[in-house]
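Engineer: What follows is a single structure, and I will ask about it in a moment.
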Amino acid sequence: ETGPRHTPTSTLANGPVISPPHTVDAFVKAFLHELNFGQGVPLSRSSVNDQYLALARTVRSYLMARWLETARRRRTDKPAKMVGYLSAEYLLGRQLDNALLATELTDIATEAMVACGIEIDDLRQQEVEPGLGNGGLGRLAACFIDSMATLGASSIAYGIRYEYGIFQQTFVDNRQVEKPDAWLSMGGPWGVVHPEMEVPVNFGGHVETYVGEDGRERRRWTPAWGVMALRYNYMVPGYQNGVVNTLRLWRARATESFDLHIFNAGDYAEAVRAQTFAENISKVLYPEDSTPQGKELRLQQQYFFVAASIKDFIQHTMPKDFDVRDLPERIIFQLNDTHPVIGIPELMRILLDEHDLEWEEAWAITKQCFAYTCHTLLPEALEVWPVSLMERLLPRHMEIIYRINEDFVAELRETYPGDELRVRRMSIIADHPERSVRMAHLATVASVKVNGVAALHSELLKEKVLNDFSELWPERFTNVTNGVTPRRFIKLSNPEQSKLISDTIGKGWVANLDRLEELVGYADDADFREKFRAVKAHNKTRIRNVLVSRDGIALPEGHLLDVMVKRLHEYKRQSLKLLHIVTLYDRLISGEVEPSTVTPRTVVFGAKAAPGYAMAKETIFLINSVAQTVNNDPRVDGRLFVAFPPNYNVTLAEKLIPAADLSEQISLAGKEASGTGNMKFALNGALTIGTDDGANVEIRQLVGDENFFLFGMTEPEVAELQAKGYRPGEYYERDPQLRRAIDLIASGHFTKGSRDAVSSFVGDLLYNDRFLALADYAAYIEAQDKVEAAYGDQDNWSRMAILNVARTGFFSSDRSIRDYIDRIWHVKTGV
Ligand code: 73E
């Protein structure tokens, strides 16, 4: 870090940074100081927002002391290799409680607020969560930075400070309507901006050859335009270990020169417009999950944050006399999917054009500095960028990619003489349907390691998506099963269960989740089971209260709580869940079952659809329509209720997941790379109904077959059925129960008599059904019937739920990060 140039002489200025004392008095003082001199209001006239901002800044000052100390230690210690986590998304969730927990200030802050006559819960509610991610991938990045700090791994995370995060979802006439997420509009107290540490990022222009001072020919990029990357630091505290790491998010700002010539030409309005153009780069998070659209602005965002981050690391994080040849000893950049892969040619460009290295040397360095995590199996999710766009936006990078590919293809032809088909399959450049750059191939060629995110996923990655590459470089491929942070998703979100666990096995489990195994024996303890049920009941009351005040939804009491929360996507099969609900409803209204004999069930959905994803939006409309009909039909007799609270986000997840009895993980086998919601539910004492997909496989292995409701085709069975030709209509014809459900939807029963409103949904199921919902329907219904029977024996259900908690400590993101360190990063840990 660059500091002041002069050397302060006072020991006061040079000494260690002292955190305000951990006392209620000191906290009150610091809080009032922030309120009076930060917000400029007296307590008596302060708004809830003033109070929240002052509280956040007070907590931040405690974090800041630890942050400065962590940075100081890392500067003075022997230089150690760092992790540079590169991710376009961080789905952080609210910051206040996590910061209080990490710094052990929860009680002090609560008492301090009481002393000021403030209800701290009101301030908690005031925080707008930073929704800088879409779903699992962004949330994973947030869990990982929490674990890196908790393990004391030397690391820095980089991303984009989107001005608008994931859209706010509302429903109008049962259809999704998106509203902008102006998360910063009430102030962003957690980010610290450093305007003087801006980094320029350039675009466009042309490349030319010139002869350098040494007489050698070189290439020179003359960009056409550029923007400034403004640095915002967010503090990432480890759990009660004194470490605070950095999350550095970049915001785009117009350069002075950007509009100067327009100003000089006298066109003021045009100059201001140009400024808007530059600042658009960090304006909004693209709301596509799994299937990103190939939009130019998205490529601009990717290059913007990656170029700023790499430059920041080399110029500002490394010492001044640093030699770029030592980079591999000092950094490993982890690529969170292909979104930051443009960093590979960017590092090559820096080494070649700015540090005058030869190609071979630059490549040898670059190849050691990156590792790549793939998060998908869907072919349509693999990012490709048209060569024409790359050439226009990043001409020098395109040139470098061509050269990387030339060398790679030459190597392939040597290894596989005559196998041109293979060479074409593996080439970084695709020729059809359009000449484009395959980012996953570029990532694989340039990375030390390539990992999938669950055991099954990593196997399928080797066998399918990147099969040719795993044959060529088998040792490059590895698995790191995802995880979730137990701080946010157990300790904070489920205080009652946490207390029960601590009372039973002691406190250490929060940073050592394997210790949950000590609970196994308690599954047979009737007293413990009763306490465990009381926790669940408490959490159900809590979510009931949350949904009433948040959405005016009144959940019935005493129901099995069945929850499906995740992005809306055909492969995740919310449509299959819907068919199940319609079947339960049909059984009730047709008189096939006597309502009093049915296990009462409430189904809660949470899901955002990408705004341009028509089928996903149709599914949302139909879920809402079914909910409306079912909840208002007296024949249901209180046995079935469907709730779809809008705008599912991290904050709602924290309240909903701990209340769930049943976790829906029903993707078509071979499509969900891992899932992480599945882990959160199991750790919070819900049982899973799920397919043999993603991390479900590992959950089932750990908790045992008898404590998991498995159904559906396996991945090889799916492949076989698809190979022989899948015809969904046959299942409709053969299964009367399924036929009744589909016919009821098609009749317009749920859509005020309108058949048109459901025709595309029904038509797709019957004639396309890309993700084989109808083929798994019968097995799913059968498994759900077993769930109902099992729920009837509450004592045994509790036993199963406790074993789920006790045996899933493996899914702590601390374990994931340890795996990354052991298998990929080889960085040191410890405070
Ligand atoms: O299975 C999840 C996985 O648990 C997977 O779908 C998700 O990543 C999670 C974390 O590993 C994911 N998101 C994306 N690809 N896979 C994605 C792709 C493009 C844009 C945004 C997100």
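The values are calculated or read from the model by the stated rules, or taken from the named source; none is laboratory data. Only a predicted model underlies this, so the values are computations on that prediction, with no experimental measurement involved. Don't worry about glycine lacking a Cβ; one is built from the backbone with ideal geometry, like all the others, and counts go over all protein chains shown. Heads up: the accessible areas ignore ligands, DNA and RNA and are worked out on the full protein's heavy atoms, side chains in. Shrake-Rupley method; radii C 1.70, N 1.55, O 1.52, S 1.80 Å.
Engineer: Suppose the filter is farther than 24 Å from Ile342 by Cα, within 20 Å of the chain's Cα centre (by Cα) and open to solvent by less than 10 Å² (accessible area, probe 1.4 Å); does Ala440 pass it? Even if it seems obvious, please write down each step before you answer.
Structural biologist: Values: farther than 24 Å from Ile342 by Cα: no; within 20 Å of the chain's Cα centre (by Cα): yes; open to solvent by less than 10 Å² (accessible area, probe 1.4 Å): yes.
For Ala440, the condition - farther than 24 Å from Ile342 by Cα, within 20 Å of the chain's Cα centre (by Cα) and open to solvent by less than 10 Å² (accessible area, probe 1.4 Å) - is not met.
Engineer: Among the residues of the range 349-361, which ones are of a type in the set (D, E, K, R) and either within 16 Å of the ligand (Cβ to nearest atom) or part of a helix (DSSP H, G or I) (or both)?
Structural biologist: Matches in the range 349-361: Arg349, Asp353, Glu354, Glu360, Glu361.
Engineer: Is it the case that the range 344-352 has a residue that's under 23 Å from the mean Cα position of the chain (by Cα) and either surrounded by fewer than 21 Cβ atoms within 10 Å (Cβ to Cβ) or within 30 Å of Glu288 (Cα to Cα) (or both)?
Structural biologist: Scanning the range 344-352, I find at least one residue that is under 23 Å from the mean Cα position of the chain (by Cα) and either surrounded by fewer than 21 Cβ atoms within 10 Å (Cβ to Cβ) or within 30 Å of Glu288 (Cα to Cα) (or both), so the answer is yes.
Engineer: Here is a further query. Quick test for you: out of Ala806, Ala789, pick the one residue that is farther than 18 Å from Glu570 by Cα, surrounded by 19 or more Cβ atoms within 10 Å (Cβ to Cβ) and among the small types (Gly, Ala, Ser).
Structural biologist: Ala806
Engineer: Where the second residue is part of a loop (DSSP other than H, G, I, E, B) and loosely packed, with under 15 Cβ neighbours inside 10 Å and the first is among the basic types (Lys, Arg) and lies in the range 399-428, which pairs have Cβ atoms under 8 Å and are six or more apart or on separate chains?
Structural biologist: Arg424/Asp431
Engineer: Moving on. May I ask you to list the residues in the range 668-685 that are under 26 Å from Ser798 (Cα atoms) and open to solvent by 10 Å² or more (accessible area, probe 1.4 Å)?
Structural biologist: Gly675, Thr676, Gly677, Lys680 - these are the residues of the range 668-685 that are under 26 Å from Ser798 (Cα atoms) and open to solvent by 10 Å² or more (accessible area, probe 1.4 Å).
Residue by residue, here is whether (1) of a type in the set (Gly, Ala, Ser); (2) over 30 Å from Leu622 (Cα atoms); (3) touching a residue at least 40 places away in the same chain (Cβ under 8 Å) holds:
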{"residue": "Phe750", "(1), (2), (3)": "no, no, yes"}
{"residue": "Ser760", "(1), (2), (3)": "yes, no, yes"}
{"residue": "Asp769", "(1), (2), (3)": "no, no, yes"}
{"residue": "Glu788", "(1), (2), (3)": "no, no, yes"}
{"residue": "Trp797", "(1), (2), (3)": "no, yes, yes"}
{"residue": "Ile802", "(1), (2), (3)": "no, yes, yes"}
{"residue": "Phe810", "(1), (2), (3)": "no, yes, yes"}
{"residue": "Ser816", "(1), (2), (3)": "yes, yes, yes"}
{"residue": "Val827", "(1), (2), (3)": "no, yes, yes"}
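Engineer: Related question: Determine which member of the set Leu377, Leu382, Leu389 is surrounded by 16 or more Cβ atoms within 10 Å (Cβ to Cβ) and over 18 Å from Val465 (Cα atoms).
Structural biologist: Details: Leu377 fails: over 18 Å from Val465 (Cα atoms); Leu382 fails: over 18 Å from Val465 (Cα atoms).
Every option except Leu389 fails the conditions.
Engineer: Do we have any residue at all in the range 492-501 that's touching a residue at least 24 places away in the same chain (Cβ under 8 Å), closer than 30 Å to Leu461 by Cβ and not basic (Lys, Arg)?
Structural biologist: no
One line per residue, one yes/no per condition, for (1) part of a helix (DSSP H, G or I); (2) surrounded by fewer than 21 Cβ atoms within 10 Å (Cβ to Cβ); (3) touching a residue at least 12 places away in the same chain (Cβ under 8 Å):
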{"site": "Leu555", "(1), (2), (3)": "no, yes, yes"}
{"site": "Gly558", "(1), (2), (3)": "no, yes, yes"}
{"site": "Val563", "(1), (2), (3)": "no, no, yes"}
{"site": "Leu568", "(1), (2), (3)": "no, no, yes"}
{"site": "Leu576", "(1), (2), (3)": "yes, no, yes"}
{"site": "Val582", "(1), (2), (3)": "yes, no, yes"}
{"site": "Leu588", "(1), (2), (3)": "yes, yes, yes"}
{"site": "Glu592", "(1), (2), (3)": "no, yes, no"}
{"site": "Ala609", "(1), (2), (3)": "no, no, yes"}
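Engineer: Here's something else I'd like to know. Please enumerate the residues belonging to the range 669-702 that are in contact (Cβ under 8 Å) with a residue 60 or more places away in the chain, more than 14 Å from the ligand (Cβ to nearest atom) and over 21 Å from Val510 (Cβ atoms).
Structural biologist: The answer is Leu687, Thr688, Ile689, Asp692.
Engineer: In the range 215-258, how many residues are in a loop (DSSP other than H, G, I, E, B) and touching a residue at least 24 places away in the same chain (Cβ under 8 Å)?
Structural biologist: 7
Engineer: Which one of these is under 25 Å from Gln301 (Cα atoms), within 16 Å of the ligand (Cβ to nearest atom) and among the acidic types (Asp, Glu): Glu383, Glu399?
Structural biologist: Step by step, each of Glu383, Glu399 is checked, and only Glu383 is under 25 Å from Gln301 (Cα atoms), within 16 Å of the ligand (Cβ to nearest atom) and among the acidic types (Asp, Glu).
Engineer: Ok, one more. Residue check, Gly133 against (1) over 18 Å from Gly84 (Cβ atoms); (2) free of Cβ contacts under 8 Å to residues at least 60 places away in the same chain; (3) within 14 Å of the ligand (Cβ to nearest atom), all met but one. Which one?
Structural biologist: (2)
Engineer: Which of the numbered conditions does Asp551 fail, given that it passes all the others? Conditions: (1) surrounded by fewer than 15 Cβ atoms within 10 Å (Cβ to Cβ); (2) under 29 Å from the mean Cα position of the chain (by Cα); (3) of a type outside the set (A, V, I, L, M).
Structural biologist: (1)
Engineer: For the subset of the range 292-301 comprising residues that are among the polar types (S, T, N, Q) and either outside the structural domain of Arg161 (by TED's automatic domain parsing) or open to solvent by less than 30 Å² (accessible area, probe 1.4 Å) (or both), which member is farthest from the ligand (Cβ to nearest atom)?
Structural biologist: Taking the range 292-301 first, the residues among the polar types (S, T, N, Q) are 293, 300-301.
Next, from what is left, pick out any that are either outside the structural domain of Arg161 (by TED's automatic domain parsing) or open to solvent by less than 30 Å² (accessible area, probe 1.4 Å) (or both): 300-301.
Values: Gln300: 16, Gln301: 12 Å.
The residue in question is Gln300.
Engineer: Something else about it: Please verify whether the range 708-724 includes one or more residues that are open to solvent by 20 Å² or more (accessible area, probe 1.4 Å) and touching a strand residue (DSSP E or B) at 6+ places or on another chain (Cβ under 8 Å).
Structural biologist: yes
Residue-by-condition table, conditions (1) among the aliphatic types (A, V, I, L, M); (2) within 16 Å of the ligand (Cβ to nearest atom); (3) outside the structural domain of Lys462 (by TED's automatic domain parsing); (4) part of a helix (DSSP H, G or I):
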position	(1), (2), (3), (4)
Ala307	yes, no, no, yes
Glu329	no, no, no, yes
Phe333	no, no, no, no
Leu347	yes, no, no, yes
Trp363	no, no, no, yes
Thr376	no, yes, no, no
